[in-house]
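Comments concern the structure below.
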Amino acid sequence: QSRFDRMHIADFVSGSLAGGIGFAVGYPLDTVKVRIQTQKQYTGIWQCIETTFSKEGVPGFFKGMALPLTTVSMTSSVAFGTYRNCLHCLCQARGADGGPSTKLDVFLSGVAGGVAQISVMAPGDIVKVRLQCQTKSTKGAAVTSKPKYRGPVHCLLSILREDGVRGLYRGALPLMLRDGPSYGLYFLTYKTVSQLLTDFGDKKPSWIGVMFGGAVAGMAAWTVGTPMDVVKARLQMDGLLGKTQYRNFFHCLTETLRTEGVGVFFKSLGLNYVRAIPVSMLVFLTYEVITSFLQTSPEHTDTPPVGFE
């Protein structure tokens, strides 16, 4: 086998590039999602889009993008490396090393990959959310007060100065509870759907299988991940204006449920679907194209990309 195949470098490069492209494409709607989840002034998707555009212009939809975009490759590396190693270990434990993985293997390995990436992802995620929610007008009338954060680096250093390293991991528990099951279902759904839409005997999934499998996988992942995504965003924004509303994860969960009902946990689900379909299709398509170009071995099994978020 070639060096690319032995070290899975082709898969890492493909997953990293696919994740980065998907992240950039889906970012404007991610900003809308975060604002709807955390700020009651927005009553719906279109109202949020119109308000953001009228006050901040197109740049308002891309606030906080720089830092997480630079760490996408690192996040993909951790998640993908964990996924591949867990998949390999589970196959070995069953005495099926080199054979096809079971659906349970894929799901459990995906869960492990989703949880493992939190250590790298959490600091960039809280910076992203806080910058996305800075809604001072930059169009028309003069800005009456300066925003708290001047940019991603200033935001990161400010959190470190005010709350220490622990502050960078505010919301890490719901982030873990979101990405663990979501990644597991994401990988499993893609593998299952793409195989169903691929002719028997083909070693590579068909393009219809890739795109449709990606779309369904993205929707399935966000179906289980949206409730914890809401809790995560609220914890990350809590205390930004000086007043802390939630004592911890469980208090945020119960207080949100008590005051706004269970529906609030799915308030942004429709928007997540709209974003997930094109983003996940693009992520998986990019991954398969680049992997096919880089890999020299005809064998290619159980290597879905990392790109849920």
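The values are calculated or read from the model by the stated rules, or taken from the named source; none is laboratory data. All values reported here derive from a predicted model rather than from experimental measurement. Counting neighbours? That spans all protein chains shown, and the Cβs are built from the backbone with ideal geometry, glycine included. Just so you know, the surface numbers come from the protein's heavy atoms only, side chains and all, with ligands and any DNA or RNA stripped out. Shrake-Rupley method; radii C 1.70, N 1.55, O 1.52, S 1.80 Å.
Under the rule a/c < 1.5 gives rounded, and otherwise a/b versus b/c splits prolate from oblate, where does region 68-169 land using the Cα gyration tensor?
Taking the square roots of the gyration eigenvalues as a ≥ b ≥ c, region 68-169 is prolate.
Can you tell me how region 170-308 classifies by the Cα gyration tensor, rounded, prolate or oblate, using a/c under 1.5 as the rounded cut?
Working: a/c = 3.22, a/b = 2.56, b/c = 1.26.
Prolate is the answer for region 170-308, as a/c is 1.5 or above and a/b outweighs b/c.
Kindly flag which residue pairs out of LYS203/LYS267; LYS146/LYS232; LYS128/LYS204 have an alpha-carbon separation exceeding 31 Å in this structure.
Distance filter (> 31 Å) returns LYS203/LYS267; LYS128/LYS204.
Would you please put 255-262, 193-200 in order of how densely packed they are, using the mean number of other Cβ atoms within 10 angstrom per residue and starting with the highest?
Packing proxy ranking, top to bottom: 193-200, 255-262.
Please give the peptides 56-69, 217-230 ranked by average Cβ packing (other Cβ atoms within 10 Å per residue), highest first, as a rough proxy for protection.
Top to bottom by mean Cβ count within 10 Å: 217-230, 56-69.
Give the residue list of trypsin sites (Lys or Arg not before Pro) in region 194-234 that are DSSP loop and have at most 10 other beta-carbon atoms within 10 angstrom. Intermediate values should be presented prior to the final figure.
Details: sites: LYS203, LYS232, ARG234; in loops: LYS203.
Answer by residue number: LYS203.
Tell me, what % of the accessible area of the chain is carbon and sulfur with a 1.4 angstrom probe?
Numbers: 9580 of 14370 Å².
With neighbouring chains kept in place, the figure for the chain is 67 percent.
List the pair-distance distribution P(r) of the chain, using every Cα-Cα distance, as the percent of pairs falling in each 20 Å bin from 0 up to the bin containing the longest distance, rounded to whole percents.
Calculated over all Cα pairs of the chain, the distribution is 33, 54, 13, 0 percent.
Given Cα pairs under 8 Å that are at least 6 residues apart, what percent is the relative contact order of the chain?
On the way: 470 pairs, mean separation 87.7, N = 309.
Value for the chain: 28 percent.
Treating only the Cβ of Lys, Arg, Asp and Glu as charged (+1, +1, -1, -1), what charge dipole size does the chain show about its Cα centre? Round to the nearest 20 debye.
It comes to approximately 1280 debye.
At 1.4 Å probe radius, can you tell me the per residue accessible area of the chain in Å²?
Using a 1.4 Å probe on heavy atoms only, each residue of the chain averages 47 Å².
Hey, what did region 68-169 get for relative contact order, percent, Cα under 8 Å, at least 6 apart? Walk me through the numbers before you get to the answer.
Details: 72 pairs, mean separation 28.7, N = 102.
Rounded, it is 28 percent for region 68-169.
How tilted is helix 249-260 with respect to the longest principal axis of the chain? Cα atoms for both, answer in degrees (0 to 90, nearest 10).
Value to nearest ten degrees: 70.
How many nm is it between the label spots at LYS204 and LEU104, if each spot is 7 Å from the Cα in line with the beta carbon?
So the two model labels end up 3.3 nm from each other.
Give the Debye-formula value of log10 I(q)/I(0) at each listed q (0.12, 0.14 Å⁻¹), with one equal scatterer per alpha carbon of region 171-244, two decimals each.
Rounded to two decimals, the profile gives -0.45, -0.54.
Tally Lys/Arg at +1 and Asp/Glu at -1 over every other residue whose Cβ is under 12 Å from the Cβ of SER119; what's the total?
That sum, taken over residues with Cβ under 12 Å, equals -2.
To the nearest 20 Debye, how big is the dipole of region 68-169 about its Cα centre, given +1 on the beta carbon of each Lys and Arg and -1 on that of each Asp and Glu?
580
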